[in-house]
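Just below is one structure, and these are the notes that go with it.
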Amino acid sequence: MTGCTIERVIIFDTRLEVLLFKDSKIFGLNVLRVDFGGHISVRNSDVKYLMINSTRYMGREEEGEEAAYGEKREISGLIEISGLKNVRRIGINTRYPLLRKILMEHGLNVSESKERIVRARELVLRDVSFDTAPRFKRQVRLTVRGFSGRLTLENLEVFGHVEIHQSRLISPEFVHLRIESNFIIRGSSVLVSPTWAITVLPALPIELNVGGFVIVEECTFNNPYAEEVFYRLARTSWEKSGDFERADQYYYLEMVAKRKIKASARRRGWKKLLKKMEILFEWLFADLTCKYGTDWKRPILIWLAAVNVFFPILFFLTGSVRGLSSSLGFLDYEYFSIVTATTLGYGDYHPVGVGRAIASVEALFGMFMWAVFLTVFARKYMR
């Protein structure tokens with residue numbers, strides 16, 4: 001369809017090879033439950049609302065050696081949306097109650113049980129101009145839900161929110177992408193190649209410009225480098241707004257991703273052993289104790305549990321504490337544990353035998369945990 005002016009186009013429950021819209025003016029374009037063997041293109045048109053739901057590429061998935069080396073770009077399996085203007089909303093697998101009502105009026109069954117993911121080799125949105133009216137600026141302008149394939153957002157300035165939900169993104173690319181409001185990725189998996197991590201990932205913080213917040217929730221990554229960058233983008237966006245509590249949540253996830261990067265490094269022999277010991281030390285003293293300085297409650301709970309339960313039980317089982325009385329109850333051991341952890345040392349009780357080693361460890365533990373607590377508490381409430 002080229003050079004057309006149409007109020008609404010609905011393509012429903014069919015199979016085709018190529019679908020092309022060009023140089024047209026369409027208020028609502030809806031592609032629903034379409035199987036295609038070639039490509040779908042919407043180019044250089046004036047489209048207000050564009051919805052693509054339950055649409056799948058049904059061609060062959062094999063790629064030759066040229067494609068494997070990145071020298072060939074297949075047009076088959078491509079969903080391309082480019083050169084559009086005055087767009088109010090683009091939705092991939094979004095609910096549209098009005099469309100359901102229209103189809104039912106024509107006797108078409110639109111049962112939700114037949115809904116499925118949108119699958120394509122690549123979904124490209126390029127050079128799309130969104131309606132800049134103030135009443136649309138706070139709305140969700142681009143939604144990608146239930147999509148599986150390669151996602152490319154290039155040369156876009158979105159006056160509103162962008163959401164990606166429950167999708168399987170393969171080496172996504174964000175080039176010259178400006179989002180005025182929030183960028184949300186939720187419940188999705190990001191699968192990237194080593195080449196993508198080297199070439200595309202370093203430029204991501206520069207190419208992706210978000211005016212609001214970056215929200216990354218319940219996502220999985222096959223590459224820790226990508227995981228670290230996405231969480232860093234989210235952290236910095238919340239720090240700019242002054243919400244340090246939310247920023248700390250992403251800081252913790254960012255540091256865990258960095259630890260995964262260290263673990264994935266290839267080393268042999270004693271270097272590998274030293275690196276494993278370093279990672280174990282970092283997990284034990286930085287993550288387990290205070291979640292990299294983001295949780296001030298954890299060191300208190302660990303201190304209370306260890307000093308009031310763990311160490312008194314050790315002293316009780318070993319019988320390695322002597323005092324003023326010949327028979328000691330559990331409360332006496334607990335009292336000695338608290339005195340040892342706080343390094344008070346009144347002298348009324350003292351360790352003997354193996355108790356000396358246990359008391360030494362507890363004294364070091366108590367000093368370390370108090371230092372951690374003071375540091376984390378000051379960071380949390382005094383910055």
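A short reminder: the numbers here are calculations on the coordinates, not readings from a lab. On a predicted model such as this, the values are computed, not experimentally measured, just so you know. Neighbour counts are summed over all protein chains in view; Cβ atoms, including those assigned to glycine, are modelled from backbone coordinates with ideal geometry.
Given their separation in residues at 0.36 nm each and the Cα-Cα distance between them, MET58 and LEU301 gain 81.9 nm when the chain is fully extended.
For helix 224-241, what angle does its Cα long axis make with the longest principal axis of the chain, in degrees from 0 to 90 and rounded to 10? Tilt of helix 224-241: around 90 degrees.
Ellipsoid semi-axes for the range 78-201, based on the Cα gyration tensor and the rule √(5λ), read 26, 20, 12 Å when sorted largest first. Pairs of Lys residues in the range 205-347, spaced 8 or more positions apart or belonging to different chains, with C-alpha separations under 27 angstrom: 25 in total.
The mean sequence separation of alpha-carbon pairs under 8 Å and at least six residues apart, normalised by the residue count of the chain, gives a relative contact order of 8 percent. Within the same chain, lysines fewer than 8 places from LYS48 are excluded, and of the rest, those with a Cα less than 28 Å from its Cα are LYS22, LYS25, LYS85, LYS101, LYS114, LYS137. Averaged over residues, the count of other Cβ atoms within 10 Å places the peptides 146-153, 309-316 in the sequence 146-153, 309-316, highest first. Kindly identify the range 274-318 as rounded, prolate or oblate by the Cα gyration tensor criterion: order the square roots of the eigenvalues as a ≥ b ≥ c, call it rounded if a/c is under 1.5, otherwise compare a/b with b/c, prolate if a/b is larger, else oblate. Cα axes put the range 274-318 in the oblate bin.
Can you match volume of the Cα convex hull per residue in Å³ to one of these, (i) 157; (ii) 200; (iii) 168, based on a calculation from the structure here? Read-out from the structure maps to (ii). Helix 244-264 and the longest principal axis of the Cα set of the chain meet at an angle near 90°.
Seen from all directions on average, the range 208-321 presents a Cα convex hull projection of 10.6 nm².
The trypsin sites (Lys or Arg not before Pro) of the range 169-269 that meet both conditions, a loop assignment by DSSP and at most 16 other Cβ atoms within 10 Å of the site Cβ, are ARG266, ARG267, ARG268. Packing order of peptides 205-216, 34-45, highest average first: 34-45, 205-216 (average count of other Cβ atoms within 10 Å over each peptide's residues). A Förster distance of 41 Å, applied to the separation of the beta-carbon atoms of ARG186 and SER82, puts the FRET efficiency at 0.95.
Net charge of the neighbourhood of ALA341, taken over other residues with C-beta under 11 Å away and scored Lys/Arg +1, Asp/Glu -1, is -2.
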